[in-house]
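Written below as structure tokens is the structure these notes are about.
The values are calculated or read from the model by the stated rules, or taken from the named source; none is laboratory data. As the structure is a computational prediction, the values presented were derived from the model and not from experiment. All Cβ positions, glycine included, derive from the backbone under ideal geometry; neighbour counts span all protein chains shown. For the accessible areas, the whole protein counts, side chains as well, though only heavy atoms, and no ligand, DNA or RNA atoms are used. Shrake-Rupley method; radii C 1.70, N 1.55, O 1.52, S 1.80 Å.
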Amino acid sequence: MPRVAYLSRGLSGRCIRGESVLEAVRSMGYVIDHACGGNARCGTCCVRVLEGELNLSPVGAEEAAMLRELGLGSPHRLSCQAKVLGDVVVVSAA
């Protein structure tokens, strides 16, 4: 099981491979803001990846479009779209 660390809240824990960063952090007891319900339409759940960027799923078309709209690129990801494949460390992008 991969480990996700969300340093903005000092959280770290194991998660199910393939679940989103948003879901992983929620299972640790904190809800990352996500105004659109996790559908890659608002950008409120954006995180910055400090470690393990290659341990996340590839950026899809909807996520890429939203990141462009926000003026962001790597190492930023939408936590609702980034699926955990291995250990990652993230912080809030705000």
Response to the item:
How many residues of region 64-77 are farther than 16 Å from Gly18 by Cβ, surrounded by 13 or more Cβ atoms within 10 Å (Cβ to Cβ) and touching a strand residue (DSSP E or B) at 6+ places or on another chain (Cβ under 9 Å)? The answer is 6
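Look through region 78-94, keep the residues that are part of a loop (DSSP other than H, G, I, E, B) and among the aliphatic types (A, V, I, L, M), and return whichever of them is surrounded by the most Cβ atoms within 10 Å (Cβ to Cβ).
Restricting attention to region 78-94, the residues satisfying the condition of being part of a loop (DSSP other than H, G, I, E, B) are 79-82, 85-87, 93-94.
Still in the list and also among the aliphatic types (A, V, I, L, M): 82, 85, 93-94.
Details: Ala82: 27, Leu85: 15, Ala93: 19, Ala94: 11.
Among those residues, the one meeting the criterion is Ala82.
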Worksheet item: Tell me, which residue of region 33-48 that is part of a loop (DSSP other than H, G, I, E, B) and charged (D, E, K, R) is surrounded by the fewest Cβ atoms within 10 Å (Cβ to Cβ)?
Response: Asp33
Discussion item. I need the full set of residues from region 14-26 which are surrounded by 15 or more Cβ atoms within 10 Å (Cβ to Cβ) and either basic (Lys, Arg) or not in a loop (DSSP other than H, G, I, E, B) (or both), in order please.
Written reply: Ser20, Val21, Leu22, Glu23, Ala24, Val25, Arg26
Practice prompt. Return only the number of the condition from (1) assigned to a loop (DSSP other than H, G, I, E, B); (2) of a type in the set (S, T, N, Q); (3) surrounded by 15 or more Cβ atoms within 10 Å (Cβ to Cβ) that Ser8 does not satisfy.
Written response: (1)
Discussion item. Go through region 49-76 and report how many residues are part of a strand (DSSP E or B) and in contact with a Lys or Arg (Cβ under 8 Å, 6 or more places away or on another chain).
Written reply: 3
Worksheet item: So which pairs qualify, if the first residue must be in region 31-50 and in contact (Cβ under 8 Å) with a residue 24 or more places away in the chain and basic (Lys, Arg), the second must be open to solvent by 10 Å² or more (accessible area, probe 1.4 Å) and not in a strand (DSSP E or B), the Cβ gap must be under 8 Å, and the two must be at least 6 apart or on different chains?
Response: Arg41/Glu62; Arg41/Met66; Arg48/Pro75; Arg48/Ala93
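Kindly establish whether Gly18 is at positive phi and at pLDDT below 95.
Numbers: at positive phi: yes; at pLDDT below 95: no.
It is false that Gly18 is at positive phi and at pLDDT below 95.
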